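The values are calculated or read from the model by the stated rules, or taken from the named source; none is laboratory data. In this text, all values refer to a predicted model and were calculated from it rather than measured experimentally. All Cβ positions, even for glycine, are placed from backbone atoms using ideal geometry, and neighbour counts span all protein chains on display.
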Amino acid sequence: MAPPVFRFRSRALDEFRLEGERTYLRHPVVGDHAEWAKLRAASREFLEPWEPRWPEDDLTRPAFRYRIRRYEADREAGVALPLFVCHKSTGRLVGGVTLGAIRRGAADCCALGYWMGEQHAGKGLMADALKSLIPHVFDRMRLHRIEAACIPDNQRSQRVLEKVGFQREGYLRGYLKINGAWRDHLLYALVADDWQSMRAKGSGSGG
């Protein structure tokens, strides 16, 4: 048997943190498994209608370790930025946010995805987390556009996006396979110029 490979965590990884008023965003780590699995299991019925079908082993420790390795590889390649959302007062994990499909060059855009544990939903925590993430996307990552797609029935998600400044742009037929079925989605987007105007007027996400 080959000896175990020990990976040293960088200080930048440990120190990365985006602060909101009630939440903060940080990189996921292997040690999050127990809390993550407990939250996802308790929220399964709540989350499944809006997500791709869960693999049978999704909540297991080996699957989570593989998830973290994939997160790290995507982050290092510059194609995605997966983050966990934590409650500021308790440090408890409450959900997750991912910037995926990051494209540079002429596009300079990314796709936003997110989830919230059922017991924490409807309390404004995701909107708070996104308000801390958006300045990072436009000011630090220097992207021009953030896209987000949600199922037309998911009015909660639409309200979150609209609350932080996203505008509805279109209707995507059979866009993503969700819980085993191809589902139509609404396309929302936020572009840097619009966000900068909102920030100047005091109605956008703070820096």
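When you check residue 190 against the structure, is it surrounded by 19 or more Cβ atoms within 10 Å (Cβ to Cβ) and among the aliphatic types (A, V, I, L, M), yes or no? It is true that residue 190 is surrounded by 19 or more Cβ atoms within 10 Å (Cβ to Cβ) and among the aliphatic types (A, V, I, L, M).
For the range 97-116, indicate whether the set of residues that are more than 18 Å from residue 16 (Cβ to Cβ), among the β-branched types (Val, Ile, Thr) and either out of contact with any Lys or Arg (no Cβ under 9 Å at 6 or more places or on another chain) or surrounded by fewer than 22 Cβ atoms within 10 Å (Cβ to Cβ) (or both) is non-empty. There is no residue in the range 97-116 that is more than 18 Å from residue 16 (Cβ to Cβ), among the β-branched types (Val, Ile, Thr) and either out of contact with any Lys or Arg (no Cβ under 9 Å at 6 or more places or on another chain) or surrounded by fewer than 22 Cβ atoms within 10 Å (Cβ to Cβ) (or both). Residue under question is residue 127, and the condition is that it be within 22 Å of residue 48 (Cα to Cα), part of a helix (DSSP H, G or I) and under 16 Å from the mean Cα position of the chain (by Cα); does it hold? Here the answer is yes, as residue 127 does meet what is asked. Taking the criterion of being surrounded by fewer than 14 Cβ atoms within 10 Å (Cβ to Cβ) and either polar (S, T, N, Q) or more than 20 Å from residue 40 (Cβ to Cβ) (or both), the residues of the range 62-96 that qualify are 73, 76, 77, 78, 89, 90.
Please indicate, with yes or no, whether at least one residue in the range 178-185 is surrounded by fewer than 19 Cβ atoms within 10 Å (Cβ to Cβ), over 16 Å from the mean Cα position of the chain (by Cα), at pLDDT 95 or above and not in a strand (DSSP E or B). Within the range 178-185, one or more residues are surrounded by fewer than 19 Cβ atoms within 10 Å (Cβ to Cβ), over 16 Å from the mean Cα position of the chain (by Cα), at pLDDT 95 or above and not in a strand (DSSP E or B).
Quick check on residue 164: is it crowded, with 17+ Cβ neighbours inside 10 Å, within 22 Å of residue 122 (Cα to Cα) and touching a strand residue (DSSP E or B) at 6+ places or on another chain (Cβ under 9 Å)? Spell out how you get there, then give the answer.
Values: crowded, with 17+ Cβ neighbours inside 10 Å: yes; within 22 Å of residue 122 (Cα to Cα): yes; touching a strand residue (DSSP E or B) at 6+ places or on another chain (Cβ under 9 Å): yes.
Against the criterion (crowded, with 17+ Cβ neighbours inside 10 Å, within 22 Å of residue 122 (Cα to Cα) and touching a strand residue (DSSP E or B) at 6+ places or on another chain (Cβ under 9 Å)), residue 164 qualifies.
Checked across the range 198-207, the condition of being in contact with a helix residue (DSSP H, G or I) (Cβ under 9 Å, 6 or more places away or on another chain), in a helix (DSSP H, G or I) and at pLDDT below 95 holds for at least one residue. Cβ-Cβ contacts under 8 Å between residues 6 or more apart (or on different chains), taken from a first residue in the range 161-172 that is of a type in the set (S, T, N, Q) to a second residue that is modelled with pLDDT of 95 or more, are listed as 167/188; 167/189; 167/190; 167/194. With respect to the conditions (1) in contact (Cβ under 8 Å) with a residue 60 or more places away in the chain; (2) loosely packed, with under 15 Cβ neighbours inside 10 Å; (3) closer than 18 Å to residue 20 by Cα; (4) of a type in the set (D, E, K, R), residue 123 falls short on a single one, namely (1).
Would you be able to say whether some residue in the range 46-57 is closer than 22 Å to residue 146 by Cα, part of a loop (DSSP other than H, G, I, E, B), out of contact with any His (no Cβ under 7 Å at 6 or more places or on another chain) and among the acidic types (Asp, Glu)?
yes
Does the range 41-54 contain at least one residue that is surrounded by 14 or more Cβ atoms within 10 Å (Cβ to Cβ), over 22 Å from residue 179 (Cα atoms) and in contact (Cβ under 8 Å) with a residue 24 or more places away in the chain? For the range 41-54, residues surrounded by 14 or more Cβ atoms within 10 Å (Cβ to Cβ), over 22 Å from residue 179 (Cα atoms) and in contact (Cβ under 8 Å) with a residue 24 or more places away in the chain: absent.
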